[in-house]
Amino acid sequence: MYFRCQILINGISYEATDDLKNWDDFELAYKRSNYDGVIRSFSTKFEFVNRSYELLKEEFAKNYLSSKAGIAFYKRNNSWNWDKIFHCTLDFGTYSEDGMVVSINAVDDNLAAIIKAKRNILYEYPVADLYTRSLNYDGLKFQYEAKYVLGGSTYESDGVQYVNITSISSGTNAYTIPIYKLSNSELPPLDSPIIFSDAQFTGNSLEEGVPFAEALADVHVDFNFTTDYYVHVYQGVVNSIKLRVFKKDSGGAIEDVWSHYSDGFYKYINEIIPIDLIKGQKVYFMMELTFGAPITNNVDVVFPNFSLGISFMSRINTVNIDVISPITVLGKLLDSMTDSTETYSGLIDDYDPRMSMDRLSTSYIMAAESARGLPNAKLYTSYKKFCDWMEAEFGYVPVINENTVTFMHRDKLFTSTVVKDLGTEINDYEFSVNDSLIYSSVKVGYDKEDYDSVNGRDEFRFTNEFSTGLNLRENTLSLISPYRADAYGIEFLVQKRGEDTTDNDSDNDVFFVSCDQDGVNLKLYRAYTPSQLSGLLSPETMFNFQYSPRFMLEANKKYIGSCTGMLKFTSSDGNSDVAINGVKETDDFPTSGRLFTVSEVEVKTSDMSTPSDLTGLVSFSNKGEIITGYIKQMSLNVAKEKAATYTLIVKEVKS
């Protein structure tokens, strides 16, 4: 016989050539499970009798589901020596026996089997136990607003408010306009450059005024003021009224910012008043009334339709956040899933964080709890989430080879070189369309997040949807990353620092950021200048542009192009006004250079040799046409000269 097999139990090999009952039945197959790498597998069970039956039965009885055994196949070469063809692990989860025959499936690739079983398990990793880098996070510049309402002795239901004055002397009197800060003001929770407070009514001089704001750092604010106003005199004469905004330094020096005069009759104001403050200056909002004889003892300054908001831009001080490289997370996941003394490794093709500034090499993973600065921060992820992120974000898919999983760009797994030509020696030709690859729409990006801030309206890293223009099937291709790239989501978490005892809905989320070297630490990588960006509140501080939905389409465009040459924008969950380097996120997207077609072809051939490169093209001729395609499945009989079956993903048909 030209073939032999052995079973391996507890490190000891046992001859099993004569014990394998179904030599003629079982087939070796090479498969692509999800248009990624080709994995070897078996299509039938092994059936063992005689001594091998007893050995396997004894192993299962002794160790139950922890049983371990393997099988190895050999082929005699021209020198009459035995060459190992392959070996694999036996799957005791499929064990059965009838008193004479043990039936059991094989797991050709032990790592592939482990990953298949545990890929959905969510693991919890203390960040302190992982190798991390420190990111000097300087954050986003936010738009904030302190909202004020007018105080006074009376509020009318029709919106008319007034300040009643009874403390009056001849000449000019100065009074603080009573304004009260509203609870729905949006102010910085961290590192605010200005502090706002209520301003109670006082009089009757500038020295007795009450400030409503004090600068803690140099800052520019806009005083947004709208109102009607007039004076109602019960007795006496008011010659004039002056509304006045000024600032005062720590030495008491007053600098006028804005004023408005009236003779006491109806006036309308709608102004944005810019104010530049330096640290230590205070801001006052007052009114000066000049009384003539006879002196009144009761005056109402009436403010119908009063509206006051003080808006400004602010940015937190730099904080340090622990971030983790994708290769570190991948290695940790493999350690958790395998839980074995055997060494397994994870690689990412073309990943070089020291030498390259591409989208992948600048990416670092960030736990939400690290962003919040929580003690004992943890990262929560599964292997499946890591895979879904790599595919949606970068177009990378896993390739498993023995004890190593390598993430590679999908384009590299479908090369343009013909590695095997079957010629015309084919039978049972069948050509068909795989309708699972026909999509009517594509959803790309990230799940929509709700923020308690108007600034969140600026976020554009949510879900965008496109139409393929095809109406053949109601299929949607989903390229949604489970890891988040929304810069505002990170910023809001950082601003919650100090709230150690407060849980947050985002605490278990995983983010990722684009980073550049900053000495021994990292800094946010801002790949575009403000002049290259539009549609944003603060383009100079925005980051993670490279992870917008459009770049995700770019990473997967040849795969998407298998069914369409153009994506038409239909909707967005986020800021749809953003343009990066002149290209809007809502522009239609061409998918040139398809990776393969949606067609498949199945043939049988007497050529039993395995292609030298499983990522290359297989070609054959049929009735004047030359057809090339990639292996989707290839089945070979190991010990019997039977026809090999190829199922190919069609690349091209030429006449």
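The values are calculated or read from the model by the stated rules, or taken from the named source; none is laboratory data. No experiment lies behind these values; they were computed from the predicted model shown. Cβ sites come from the backbone with ideal geometry, for glycine too, and all protein chains shown count toward neighbours. Accessible surface is based on the protein model in full, side chains and every heavy atom, while ligands, DNA and RNA are left aside. Shrake-Rupley method; radii C 1.70, N 1.55, O 1.52, S 1.80 Å.
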Roll a 1.4 Å probe over the protein chains and send me the accessible area per residue for the chain in Å².
45 Å²
Env charge @ LYS147, Cβ radius under 12 Å, K,R +1 / D,E -1, value -1
Can you list residues whose amide H is under 5 Å from PHE303's amide H, if they're 5+ apart or on another chain and H is modeled 1.01 Å from N?
GLN161, TYR162, VAL163
Rounded to the nearest 10, the angle in degrees between the Cα long axis of helix 50-63 and the longest principal axis of the Cα atoms of the chain comes to 30 degrees
Listed pairs LYS118/LYS332; LYS181/LYS282; LYS623/LYS654; LYS448/LYS558; LYS116/LYS384; LYS412/LYS651 exceeding 18 Å between Cα atoms
LYS448/LYS558
Output for segment 377-410: chymotrypsin sites (Phe, Trp or Tyr not before Pro) sitting in coil per DSSP, at most 12 other Cβ within 10 Å, listed by number, reads none
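Only helical DSSP H runs with n ≥ 4 go in: add -39500 (n - 2.57) per run for the chain, normalise by residue count and round the 222 nm mean residue ellipticity to 500 deg cm²/dmol. Working shown, then result.
Numbers: 8 runs with 66 residues, N = 655.
Computed mean residue ellipticity for the chain: -2500 deg cm²/dmol.
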Any chance you could list the semi-axes, whole Å, largest first, of the equivalent ellipsoid that the Cα gyration tensor gives for segment 203-358, using √(5λ)?
64, 17, 14
Could you work out the relative contact order of the chain, using alpha carbon pairs under 8 angstrom and six or more residues apart, expressed as a whole percent?
15 percent
For the full complex of protein chains and a 1.4 angstrom probe, list ILE115, ILE39 by accessible area with the highest value first.
ILE39, ILE115
Hey, can you rank 71-81, 344-354 by average C-beta count inside 10 Å, highest first?
344-354, 71-81
Could you tell me what percent of the accessible area of the chain is made up of carbon and sulfur, with a 1.4 Å probe and every protein chain present?
45 percent
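In the calculated pair distance distribution of the chain, what percentage of Cα-Cα distances lie above 45 Å?
Value for the chain (Cα pairs over 45 Å): 44 percent.
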Give the long-range amide H neighbours of THR381: residues separated by 5 or more places, or on another chain, with amide H under 5 Å away, using H modelled in the peptide plane at 1.01 Å from N.
TYR123, TYR125
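How do the peptides 316-322, 643-649, 361-367 rank, highest first, by the average count of neighbouring beta carbon atoms within 10 Å per residue?
Details: 316-322: 17.0, 643-649: 21.0, 361-367: 23.4.
Going by the mean number of other Cβ atoms within 10 Å, highest first, we get 361-367, 643-649, 316-322.
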In order through segment 567-578: 3J(HN,Hα) via Karplus (6.51 cos²θ - 1.76 cosθ + 1.60), integer Hz, x for Gly, Pro:
9, 9, 5, 10, 6, 9, 8, x, 5, 8, 8, 6
Using Cα atoms only, what is the angle between the long axis of helix 326-338 and the major principal axis of the chain, expressed in degrees (0 to 90) to the nearest 10?
50 degrees
Rounded to the nearest 10 Å², what accessible area does HIS220 show when all protein chains are kept and the probe is 1.4 Å?
80 Å²
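Can you divide the C-alpha Rg of segment 479-628 by 2.2 N^0.38 Å and report the result to two decimal places? Don't skip to the end; give the middle numbers.
Numbers: Rg = 22.8 Å, N = 150, 2.2 N^0.38 = 14.8 Å.
Expressed relative to 2.2 N^0.38 Å, the Cα Rg reads 1.54.
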In whole Hz, the Karplus estimates of ³J(HN,Hα) for segment 441-446 (6.51, -1.76, 1.60; θ = phi - 60°; x where Gly or Pro) are 8, 10, 10, 9, x, 9
Counting Lys +1, Arg +1, Asp -1, Glu -1, what net charge surrounds LYS604 among other residues with beta carbon under 12 Å of its beta carbon?
-4
Search the structure for amide H atoms under 5 Å from the amide H of GLU27, placed 1.01 Å from N in the peptide plane, and list their residues when 5 or more places away or on another chain.
SER43, THR44
Could you sort 625-631, 129-135 so that the peptide with the highest average Cβ count within 10 Å comes first and the rest follow in order?
625-631, 129-135
Roughly what % of DSSP beta bridges within the chain run antiparallel, to the nearest 5?
90 percent
What list of ³J(HN,Hα) values in whole Hz, one per residue of segment 471-477 in order, does the Karplus curve 6.51 cos²θ - 1.76 cosθ + 1.60 (θ = phi - 60°) give from phi, with Gly and Pro shown as x?
10, 6, 9, 8, 10, 10, 7
